[in-house]
Each structure stands twice: as C-alpha cells, then as structure tokens.
1. Within the stretch 58-68, which residues are open to solvent by 90 Å² or more (accessible area, probe 1.4 Å) and either within 19 Å of residue 19 (Cα to Cα) or touching a helix residue (DSSP H, G or I) at 6+ places or on another chain (Cβ under 6 Å) (or both)?
2. Report the residue count in the stretch 1-33 for those that are farther than 30 Å from residue 87 by Cβ and either open to solvent by 60 Å² or more (accessible area, probe 1.4 Å) or assigned to a strand (DSSP E or B) (or both).
3. Say whether the condition of being at pLDDT 95 or above, in a strand (DSSP E or B) and either touching a Phe, Trp or Tyr at 6+ places or on another chain (Cβ under 6 Å) or open to solvent by less than 80 Å² (accessible area, probe 1.4 Å) (or both) is met by at least one residue in the stretch 34-57.
4. For the stretch 69-93, which residues satisfy the criterion of being in a strand (DSSP E or B), loosely packed, with under 12 Cβ neighbours inside 10 Å and among the hydroxyl-bearing types (Ser, Thr, Tyr)?
Amino acid sequence: MDARVFFYDMKNLEPKTKTKILRKLFGKAQKSNFGKYQYQVHGILPEGSYIKPVRSVLIVKRRFTAKVSNLFDSSQIIYKIYDIKVNKREFEK
C-alpha cells in the first residue's frame, strides 16, 4: 500500500499550540458532567489511516496527505514528506 511519511518539527511552537494541532489531527476524548458522559471528537485522521511509530514521525495513507500538509502549512510546522510502501496490516494494528 502506498503511504507517505511525515517528519515534522514543532520545537518553535508553544505547548498550547502543539496541543491544539494534535487535537485537530488525531481528535480527543471528551467528558462532560463529571465523567458521566463520554464521547469521541474526531480529528482529520480517522482511526486506521495513520501510524505514529515515534515522536515527530507520522505515516499516513496517501489520500490523507493533502489534509495533513495543509494543517502543517497553516500552523507553520516544518516538515518533510517521503513516499514509502507499507504493508496493509500495519494500519490495522
């Protein structure tokens, strides 16, 4: 399966901004009424469309490349993209 690997650097950003970007990318679990209700707020990358092997490295399916690069561009994140081939089963883990 064709995929793209992103190497990104968020050293120049404030922690508040980093958290905001990561929530847009991956989503978050939201709790209300003292944890009585819990629901998932989805990000731009659905579950099973990315692999995050280590910090600052993100492997995404080819069709999500534009969304991720647009988010990184708008947030002034320094990144590099490379084409790779990944086994389909790696995204199912």
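1. The answer is 67, and nothing else.
2. Of the residues in the stretch 1-33, 12 are farther than 30 Å from residue 87 by Cβ and either open to solvent by 60 Å² or more (accessible area, probe 1.4 Å) or assigned to a strand (DSSP E or B) (or both).
3. Within the stretch 34-57, one or more residues are at pLDDT 95 or above, in a strand (DSSP E or B) and either touching a Phe, Trp or Tyr at 6+ places or on another chain (Cβ under 6 Å) or open to solvent by less than 80 Å² (accessible area, probe 1.4 Å) (or both).
4. Answer for the stretch 69-93, where residues must be in a strand (DSSP E or B), loosely packed, with under 12 Cβ neighbours inside 10 Å and among the hydroxyl-bearing types (Ser, Thr, Tyr): just 82.
The values are calculated or read from the model by the stated rules, or taken from the named source; none is laboratory data. Fair warning: this is a prediction, and the values are worked out from it, not measured in the lab. Methodologically, a virtual Cβ is constructed for each residue, glycine included, from the backbone with ideal geometry; neighbour enumeration extends over all protein chains shown. The area values use the complete protein model at the heavy-atom level, side chains included, leaving out ligands, DNA and RNA. Shrake-Rupley method; radii C 1.70, N 1.55, O 1.52, S 1.80 Å.
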